[in-house]
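This report refers to the structure that appears directly beneath it.
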Amino acid sequence: MRRVNLLRPEFDHDLDRPGYRWQAATVGKQLGADQLGATLYVLDEGAGTFPHHFHHAMEELVLVVSGAPVLRSAEGERTLAPGDVVSFPTGPDGAHSLVGPGAVLLISASASLEAIEYPEIGKLGVSPPGKIFRADDAVPYWDGDEGGA
């Protein structure tokens, strides 16, 4: 059995770009989880985790560890407090983004195939293969198929 302390995390990656600045600890991997994802994000004031998005195949939960992060969801914006837990179902009703300050643990069910939609920036992420596409590049189903197998 492995153990991780959220109050003394072992950070293993970070991001520093305009609007998004955080340190993260992939708690699920550190614990050896195969079918459950969990990442602790420590967010600076005004910094977000990721652009506003929703998942097509994977549910998520956020647990606020510290601070007062602002959650934007389909229900609007609200400030969260330590101990708050919020669920994000699949589909547009589960759209969400988080902005610091604070530390949040994002927990997700594992999905072997996943599509993440970023409606405000017109992108779609697909895993596998782990690529991002612009929605404007969509083509009709039979586009490019000249017939035959």
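Restricted to the stretch 33-47, and to residues there that are at pLDDT 95 or above and either out of contact with any strand residue (DSSP E or B) (no Cβ under 8 Å at 6 or more places or on another chain) or closer than 11 Å to V104 by Cα (or both), the residue that is surrounded by the fewest Cβ atoms within 10 Å (Cβ to Cβ) is E45.
Whether a residue is outside any strand (DSSP E or B), of a type outside the set (S, T, Y) and within 14 Å of the chain's Cα centre (by Cα) was assessed, and F54 does not pass this test. When the stretch 66-82 is filtered for residues that are out of contact with any helix residue (DSSP H, G or I) (no Cβ under 7 Å at 6 or more places or on another chain), surrounded by fewer than 17 Cβ atoms within 10 Å (Cβ to Cβ) and in contact (Cβ under 8 Å) with a residue 12 or more places away in the chain, the ones remaining, listed by number, are S66, A68, R72, A81, P82. The C-beta contact set for the stretch 2-16 (first residue farther than 18 Å from L43 by Cβ, second residue part of a loop (DSSP other than H, G, I, E, B), distance under 6 angstrom, 6+ apart or interchain) comprises R2/L31; R2/G32; V4/L31. Cβ separations smaller than 6 Å between residues 6+ apart or across chains give no pair from the stretch 83-106 residues that are surrounded by 20 or more Cβ atoms within 10 Å (Cβ to Cβ) to residues that are in a helix (DSSP H, G or I) and aromatic (F, W, Y). If S110 satisfies all but one of (1) under 14 Å from the mean Cα position of the chain (by Cα); (2) at pLDDT 95 or above, what's the number of the condition it fails? Condition not satisfied by S110: (2). Considering only residues of the stretch 113-124 that are touching a residue at least 12 places away in the same chain (Cβ under 8 Å) and not in a loop (DSSP other than H, G, I, E, B), which is farthest from the chain's Cα centre (by Cα)? Checked the stretch 113-124; the qualifying residue farthest from the chain's Cα centre (by Cα) is K123.
The values are calculated or read from the model by the stated rules, or taken from the named source; none is laboratory data. Just so it is clear, the structure is predicted and the values come from calculations on it, not from any experiment. Every residue, glycine among them, receives a Cβ derived from its backbone with ideal geometry; neighbour counts consider all protein chains shown.
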